[in-house]
Amino acid sequence: MTARATIIGIGEADGGRRTGRSGVELGAEAALRAVADAGLTLDAVDGLLVESPDVEQHHMAHLALADALAWRPRFATSTGCGGATPFANVILAAAALEARLAERILVVDYDARQTRRNADPAQRMARTAGHKNPWEDPYGPVTAAKFALIARAHMERFGTTREQLAAITVRARQQGARRPGAQLRTPVSLEEVLASPPIAEPLHVLDCCVVSDWGSALLLAHAAHGRGRAVDVLGFGQGHQGYAITRAPDLTAFPGIAESGRLAYEMAGVGPADVDVALLYVSFTITLLIAYENLGFCPIGEGGKYASGELPVNPHGGQLSYSGGHGHFLTEAVRQLRGEAPSGQVPGARVALCHGSAAAVLSSYTVILGPPG
Amino acid sequence: MTGFGPQPYLEAAREGRLALQRCSACGHGQLPPMARCEACGSRELAWTAAAGLGILASFAVLHRAPDAEHQARVPYIYALVDLDEGGRIVTNVVGSEPSELRIGQRVRAVFRRTDDSGQVWPEFAREEPERPTADRGRRD
């Protein structure tokens, strides 16, 4: 295995539900913690890749964050790939390091989605008023709606049940309950998930990820710097079917995810069976099931049964418990490979697969991590 | 190359018709419109009439809405419909209880909903009470 880059530091802000803090403050805290975790100061870092936040400062977030840090990086960009952005930015960082655009790059994502979201529901609704996209907006879409289309198609075609989806939340909450700092630490029963209010049937409230304030950061350097607690980027890939749900001719198989996984496995020289711990984006319960199937952990159609299987997945609780943020899947993978997870440590974990999806599940980024050398 | 803005579609809807983009080179039908034919890549595309008939690809029953107009209608049915001529569109299914709907069901465009600007937004309604059981194919 040839490492493409190495992760020398990680950091997370003190986020959670409605912190009262601004997003850029959370981002700055996470960034400084990642730099300190690497035993460095910001003077030794010259690159920055930032996820454009959803509810705060869309415009040139990379510069706003650099200002907050009283810092002038020599390479800086913000990108918007939805919840998959930090995964995409790890890939971009690896390429930028190889091109010598920078020597050490911070990958940061943050948002104050609870604190900064408009308290007035009518104002929130106004965001989509005016039928900006005539192919979608007139029909009252909510985020969960597209995932519900996919869930219903899966249930109808393969006999997947609501109970199988609900079991994903039950497991996530069990794991998150043991993790200090997780946002939702109360375990829930299968019955509670099933009886939670419907949002976009077949999906109910407890099929949906939490909404959070968060900040997370990774510090990447050239692969040659991988030593000690560093974690190597062994492989990555991406695949994109489209943005609009209408670009998916089959709602039960997602070739963008399959392509993303295949490229990452090939580059890392591993397969699904070699993965010790999986960190899989889980915006909704169905998202996880689709990832299992299309990343090759189980055949298409068998995700419902597989979901309660042996593969260690999201030991920190993921988005159904730990945080609604995005980068924590990658920071948790690093903790797992360092053997430093405060709960749910997978003994001797050497290969971690991280997967981020966006545009429902039509867009996919896979990053495979392992110990240096 | 002709433009691919929604105007011809929206004008047709105001007259109670469904329009779709058809490739002059290979005959492929597509919706939403694009700058190229998704089948053959040709840029020779024209708007043509669709019969307004299709298949329900999937649907969700929404209990939360993103805007006041839809909030007044919860629960409503958000759906994906495959038109007979080609093209896949997001829409609402009206006039049926969720329990009466099945994936694969025949649906027909209806033109009952007009917004404040006078634009008519095509919706779909059940075309047959129930599709034949034999059609349920892939569920094994």
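The values are calculated or read from the model by the stated rules, or taken from the named source; none is laboratory data. The structure presented is a predicted model; accordingly, all values stated were derived computationally and were not measured. Glycine also receives a Cβ, built like all others from the backbone with ideal geometry; neighbour counts cover every protein chain displayed.
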For this session: Select from segment A:276-330 the residues that are under 27 Å from residue A:33 (Cα atoms) and among the small types (Gly, Ala, Ser) and list them in ascending order.
Result: A:278, A:283, A:317, A:318, A:321, A:323, A:324, A:325, A:327
Problem set entry | Only one of A:219, A:203, A:184 that is under 22 Å from residue A:87 (Cα atoms), crowded, with 19+ Cβ neighbours inside 10 Å and touching a residue at least 60 places away in the same chain (Cβ under 8 Å) | A:219
Exercise. Out of the residues in segment B:1-39 that are in contact (Cβ under 8 Å) with a residue 12 or more places away in the chain, farther than 19 Å from residue A:138 by Cβ and surrounded by fewer than 17 Cβ atoms within 10 Å (Cβ to Cβ), which is nearest to the other protein chains (Cβ to nearest Cβ)?
Worked result: B:34
Problem set entry | Extreme residue, farthest from the other protein chains (Cβ to nearest Cβ), among residues of segment A:214-248 that are among the β-branched types (Val, Ile, Thr) and under 30 Å from residue B:79 (Cα atoms) | A:245
Problem set entry | Any hit, segment A:290-297, residues being among the acidic types (Asp, Glu) and not in a loop (DSSP other than H, G, I, E, B) | yes
Seminar exercise, completed: Filter segment A:249-272 for residues that are in contact with a helix residue (DSSP H, G or I) (Cβ under 8 Å, 6 or more places away or on another chain) and farther than 30 Å from residue A:3 by Cα; the one that is farthest from the other protein chains (Cβ to nearest Cβ) is A:253
Exercise. Of all residues in segment A:298-322, which are outside any strand (DSSP E or B), within 23 Å of residue A:182 (Cα to Cα) and modelled with pLDDT of 95 or more?
Worked result: A:311, A:312, A:314, A:315, A:316, A:317, A:318, A:319, A:320, A:321, A:322
Exercise. In segment A:73-127, how many residues are modelled with pLDDT under 95 and either within 22 Å of residue A:38 (Cβ to Cβ) or assigned to a helix (DSSP H, G or I) (or both)?
Worked result: 6
Problem set entry | Scope segment A:236-286; condition closer than 30 Å to residue A:345 by Cβ, charged (D, E, K, R) and under 20 Å from the mean Cα position of the chain (by Cα); matching residues | A:262, A:276
Exercise. Can you name every residue in segment A:242-264 that is surrounded by fewer than 22 Cβ atoms within 10 Å (Cβ to Cβ) and not small (Gly, Ala, Ser)?
Worked result: A:243, A:246, A:247, A:249, A:250, A:252, A:255, A:259, A:262, A:263
Problem set entry | Matching residues in segment B:88-100 - criterion: being buried (at least 19 other Cβ atoms within 10 Å of the Cβ) and more than 8 Å from chain A (Cβ to nearest Cβ) | B:93
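Each row is one residue, and each column tells you yes or no for (1) in contact (Cβ under 8 Å) with a residue 12 or more places away in the chain; (2) aromatic (Phe, Trp, Tyr); (3) crowded, with 20+ Cβ neighbours inside 10 Å.
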position	(1), (2), (3)
A:6	yes, no, yes
A:23	yes, no, yes
A:43	no, no, no
A:49	yes, no, yes
A:59	no, no, no
A:66	yes, no, yes
A:93	yes, no, yes
A:101	yes, no, no
Exercise. Hey, residue B:39 hits all of (1) under 21 Å from residue A:150 (Cβ atoms); (2) touching a Cys at 6+ places or on another chain (Cβ under 6 Å); (3) small (Gly, Ala, Ser) but one; which does it fall short on?
Worked result: (1)
For this session: Give the residues of segment A:70-84 that are crowded, with 20+ Cβ neighbours inside 10 Å and either without any contact (Cβ under 8 Å) to a residue 12 or more places away in the chain or within 28 Å of residue A:228 (Cβ to Cβ) (or both), sorted by residue number.
Result: A:73, A:76
Exercise. Among B:108, B:139, B:88, which is the only one that is on the phi < 0 side of the Ramachandran plot and at pLDDT below 95?
Worked result: B:139
Exercise. Does segment A:166-173 include one or more residues that are more than 14 Å from chain B (Cβ to nearest Cβ), more than 13 Å from residue A:318 (Cα to Cα) and modelled with pLDDT of 95 or more?
Worked result: yes
Exercise. Do we have residue A:297 as among the aromatic types (Phe, Trp, Tyr) and closer than 25 Å to residue A:136 by Cα here?
Worked result: no
Exercise. Out of (1) closer than 19 Å to residue A:136 by Cβ; (2) surrounded by fewer than 17 Cβ atoms within 10 Å (Cβ to Cβ); (3) in contact (Cβ under 8 Å) with a residue 24 or more places away in the chain; (4) not basic (Lys, Arg), the odd one out for residue B:68 is which?
Worked result: (3)
